[in-house]
Structure formats: C-alpha cells, structure tokens
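In what follows, a structure is listed as structure tokens, so that the remarks can point back to it.
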Amino acid sequence: MDRSQDDAIKPAAATVSYHEHVAVPDYLMRHYWWAYVHPKAPRVFDRLWLINLILLGNYHRMRRAALAEFNAPELGRVLQIACAYGNLTPKLAKKAALQNGDLDVVDVLPVQLRTLKWKLPKRTPARLLRMDSTALHLDDAEYDHVLLFFLLHEQPVEVRAKTISEALRVLKPDGTLVICDYGTPAWWNPLRYLMPPFLALLEPFALSLMRRPVKDLLPPDMTVRHTPFFGGFYQKVVATRAGSASN
Ligand SMILES: C[S@@+](CC[C@H](N)C(=O)[O-])C[C@H]1O[C@@H](n2cnc3c(N)ncnc32)[C@H](O)[C@@H]1O
C-alpha cells in the first residue's frame, strides 16, 4: 500500500478506508453473522460485561496481557488484525499516541470498523482499513508489532494458516507477533471436558485451535514465548524471529 499520501498529513483522528471489493468470508456469514455481521451486532455485543462473561471473566486479564507487550517507549508501527469488542483497541491507540507509535487496524466488516472509529478517543490517530486477514493490501515488513486478539479461533484451519502467514509477511524481521486466544487446557482443567460441546455449537473452529499448539503454526525458526491463562484455556503467544534484537 502506498503510504506516502497518508504520511504527508498525519490524521488527528481515526480515518476509515474501505476497499469495497473485499468479500465477507463464508465462515463469518455462516457461523458469526449474529455476532459481527448483523448491523445491530455491535450494539448488542460490544459491552464490557458481556464480552467478559463470554471469556469467563478473563477479558480484562487477556486485554492487560496483550497490552503488556506494547510497553516500548518507541512503539513504531503497530497493526491489529481484526477489530475486537471491548476497550482493547482504544487503549492500544492511546499507547500508540503516547509512545511514538502509529496504529493500523484492519477488519473485513465495515460495521466493525465504523464501531471502532466511534469508540476511539478523538485525538488518537489510527488508520482503520477494510481488508481480509488472508490477503492484506499491505507491504512486506511494514510493522514493528502485529496483534491477533481472539481472531484465530474463529477461523477455519486453512484460513488461520493464511492469516498467520500474512501477519508474518507484514512484520519487520525484528518485529513481534502477539497472539491472544484460546489455548489447550491442562488435563486437570474441567473446562477441557465441559467446554467442547458449547464451543462446537458457537465457535466451531475453536476446537482445532485448542488441539494444536500455536507454536506449531509458526515457522520453526521463530522464538516463541507462551503464557497460559485460566489453566491453559486461554493463552498468549509472543513470537519473534530467532536472532532479532527483540529476543
Ligand atoms: C477478533 S474477532 C473477535 C474477538 C472477540 N470475540 C472480541 O470481540 O474480543 C472478531 C473480528 O474479526 C473480524 N474478522 C473475522 N474474520 C476476518 C478476516 N478474515 N479478516 C479480517 N477480519 C476478520 C470480524 O469482522 C470481527 O470484527
């Protein structure tokens, strides 16, 4: 993507740009129309108490865990792939504004980008871009940090692999990929046995993410830091290329 024009005038508030030719993926229409695609979905679901309930009381913890990876005084260029309900992105945008960062957020649904624009504090410049995570219209090695917050579990296995490959393509060689999502619960965690029937109904692709460590989805030359939460039911994975300065 040609950023020369965008960079010439740094926006004082979030700007939204839509690539109208981006199609809404089939799995979103089929399984998540009620949660994201329906025009009223953000009004129904974008409530802290509700998303905290959906994450079994772990939303604030996971949001804090994600934001803890963005503490560098010079953040550089940050990309969040997919909007998320709640206040993660407004907080990330504030950090970017205070720590010499530029935040871009992509999502495939205009309704989600519009909702995010409305949520972002006024003086936090961010670019909100309509793109599919599997085919980002972004240059190689553009970003210092890429964040995937609870996106991968919503994607079928082959889509998930493409999303990760795109995230790594746009990441600088010494950049950091941060993933927060469902994990593999420990054998002693009752959720390991109780949750699959519910997930099979509501989040059908989450089960495949729970079965396979995220590390296995990343290239073998990456250095991976894995932190389990809630007995492993959730996880944070921070990946850098081996030998990069961030290790
Ligand atoms: C990140 S996940 C949601 C995480 C969690 N439920 C939350 O809100 O905190 C949901 C977002 O991912 C977006 N999304 C799903 N598939 C996508 C894709 N292929 N490309 C870009 N955005 C996608 C949806 O439009 C939605 O805004």
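The values are calculated or read from the model by the stated rules, or taken from the named source; none is laboratory data. Small disclaimer: the values here were computed from a predicted structure and weren't measured. All Cβ positions, even for glycine, are placed from backbone atoms using ideal geometry, and neighbour counts span all protein chains on display.
Restricting to the range 225-242, give me the number of residues that are closer than 24 Å to Arg63 by Cβ and either acidic (Asp, Glu) or surrounded by fewer than 17 Cβ atoms within 10 Å (Cβ to Cβ) (or both).
Qualifying residue count, the range 225-242: 6.
Within the range 126-147, can you find the residues that are surrounded by fewer than 19 Cβ atoms within 10 Å (Cβ to Cβ), away from the ligand (no atom under 15 Å from the Cβ) and not charged (D, E, K, R)? Ala141 - this is the single residue of the range 126-147 that is surrounded by fewer than 19 Cβ atoms within 10 Å (Cβ to Cβ), away from the ligand (no atom under 15 Å from the Cβ) and not charged (D, E, K, R).
Scanning the range 172-190 for residues that are crowded, with 19+ Cβ neighbours inside 10 Å and touching a residue at least 60 places away in the same chain (Cβ under 8 Å), which turns out farthest from the chain's Cα centre (by Cα)?
Taking the range 172-190 first, the residues crowded, with 19+ Cβ neighbours inside 10 Å are 175-183, 185.
Now narrow it down to the ones that are touching a residue at least 60 places away in the same chain (Cβ under 8 Å): 175-180.
Numbers: Gly175: 16, Thr176: 13, Leu177: 10, Val178: 8, Ile179: 7, Cys180: 8 Å.
Here the residue is Gly175.
Could you list all residues from the range 81-100 that are more than 12 Å from the chain's Cα centre (by Cα) and either surrounded by 22 or more Cβ atoms within 10 Å (Cβ to Cβ) or aromatic (Phe, Trp, Tyr) (or both)? Show your work before the answer.
Kept after step one, since they are more than 12 Å from the chain's Cα centre (by Cα), are these residues of the range 81-100: 86-87, 90-91, 93-100.
Answer for the range 81-100, where residues must be more than 12 Å from the chain's Cα centre (by Cα) and either surrounded by 22 or more Cβ atoms within 10 Å (Cβ to Cβ) or aromatic (Phe, Trp, Tyr) (or both): Gly86, Ala93, Ala96.
For Met210, the criteria (1) in contact with a Gly (Cβ under 6 Å, 6 or more places away or on another chain); (2) buried (at least 16 other Cβ atoms within 10 Å of the Cβ) hold in every case but one, which is (1). Number of residues in the range 101-123 that are away from the ligand (no atom under 13 Å from the Cβ) and crowded, with 20+ Cβ neighbours inside 10 Å: the value is 4. Scanning the range 34-65 for residues that are in contact with a strand residue (DSSP E or B) (Cβ under 7 Å, 6 or more places away or on another chain) and either in a loop (DSSP other than H, G, I, E, B) or more than 10 Å from the ligand (Cβ to nearest atom) (or both) returns Asn58, Arg61, Ala65. Is it the case that some residue within the range 148-168 is more than 10 Å from the ligand (Cβ to nearest atom), over 24 Å from Arg30 (Cβ atoms) and crowded, with 20+ Cβ neighbours inside 10 Å? Among the residues of the range 148-168, not one is more than 10 Å from the ligand (Cβ to nearest atom), over 24 Å from Arg30 (Cβ atoms) and crowded, with 20+ Cβ neighbours inside 10 Å, which makes the answer no.
The combined condition, being within 13 Å of the ligand (Cβ to nearest atom), hydrophobic (A, V, I, L, M, F, W, C) and either touching a Cys at 6+ places or on another chain (Cβ under 7 Å) or at pLDDT below 95 (or both), is not fulfilled by Ala82.
Just to confirm my filter: which strands (runs of 3 or more DSSP E) fall fully inside the range 168-247 and include at least 3 residues that are among the aliphatic types (A, V, I, L, M)?
Working: elements: 171-182, 222-229, 234-241.
Correct list: 171-182, 234-241.
Can you name every residue in the range 1-33 that is modelled with pLDDT of 60 or more, part of a loop (DSSP other than H, G, I, E, B) and in contact with a Pro (Cβ under 6 Å, 6 or more places away or on another chain)?
Tyr18
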